[in-house]
Amino acid sequence: MGRRAREERREEREDKVAKQVKVKRKNNLKAVGILALIAVIVGYAGYEFMNMDSSALGAPPGAGKLGDEHEHASLLVRIFGDKFDFDSPAYQIKNSWIHFEDSDGTTIHRHSSGVTLGFLFDGLNIVVGWESRGYTDILRPSETLDPCFIFPDGRQFCTNEDYSLKYYINHELVKSIYDYVLEEGDRILITYGSETPEQIEEQLRELDSQVISG
């Protein structure tokens with residue numbers, strides 16, 4: 001092989017390498033541009049998400065900015081002594097403001113100030129009292145506005161002559177929990193039946209033993 005032929009082959013290899021480097025650099029620039037665009041979109045979405053307040057579509061009335069607080073409380077629900085747990089996917093993270101998460105059906109997470117327990121249960125389509133959304137849609141207006149716990153499937157447990165729906169917050173009997181804004185470490189009992197004081201105390205001790213996950 002002559003000297004000229006060797007130089008031509010060397011020039012061809014160098015030209016090929018140069019083209020490959022140019023294509024690679026171009027692809028890298030495209031990738032960087034795409035990643036930068038994604039970062040901008042994610043950053044903007046995150047900013048909008050963290051600055052959502054009660055004016056946002058679907059936000060709870062009177063709520064602060066999403067993420068301005070993060071409080072936890074433990075919930076125990078017993079109907080005729082049977083425990084109802086919110087660990088199924090149907091009850092997990094129904095909204096960003098207040099919810100159950102991580103398949104934990106006893107710890108309530110509140111992610112904004114001013115968000116009530118009523119907003120939590122309304123989002124789960126569960127009636128926890130006459131104030132609940134849809135209460136008068138389920139029960140006729142002519143019926144007395146007794147406290148009721150009503151599941152999404154229509155099962156109703158209302159206070160009557162034989163049984164009563166009761167709410168306890170930190171061992172204190174209260175008339176309603178609908179407008180209550182939970183605080184860190186709160187323990188909330190919802191119980192329905194004809195329990196004796198001893199049985200109520202047993203349920204409260206069970207509630208106290210539940211782990212509040214953060």
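Each value in this text was obtained by applying a stated rule to the coordinates, not by laboratory testing. Just so it is clear, the model here is predicted, and its values are computed rather than measured. Because the Cβ atoms are built from the backbone with ideal geometry, glycine has one as well, and the counts that use them run over all protein chains shown.
Using only alpha carbons, build the gyration tensor for the range 71-209 and give me the equivalent ellipsoid semi-axes, biggest first, whole Å.
Over the Cα atoms of the range 71-209, the ellipsoid semi-axes are 22, 19, 14 Å.
Can you compute 3J(HN,Hα) from phi for each residue in the range 157-163, using the Karplus curve 6.51 cos²θ - 1.76 cosθ + 1.60 with θ = phi - 60°, rounded to whole Hz and x for Gly and Pro?
Values, residue by residue: 10, 10, 4, 9, 5, 9, 10 Hz.
Mind sorting Phe100, Phe157, Phe80, Phe119 by how few other Cβ atoms lie within 10 Å of their own Cβ, fewest first?
Fewest-to-most Cβ neighbours within 10 Å comes out as Phe80, Phe157, Phe100, Phe119.
Would you mind ranking Asp87, Asp104, Asp82 by Cβ crowding within 10 Å, fewest neighbours first?
Lowest to highest Cβ neighbour count: Asp82, Asp87, Asp104.
Spelling out what I want: for every residue of the range 64-72, take phi, set θ = phi - 60°, compute 6.51 cos²θ - 1.76 cosθ + 1.60 (Karplus), and round to whole Hz; glycine and proline get x.
Taking θ as phi minus 60°, the curve returns x, 6, 4, x, 6, 9, 9, 10, 10 Hz for the range 64-72.
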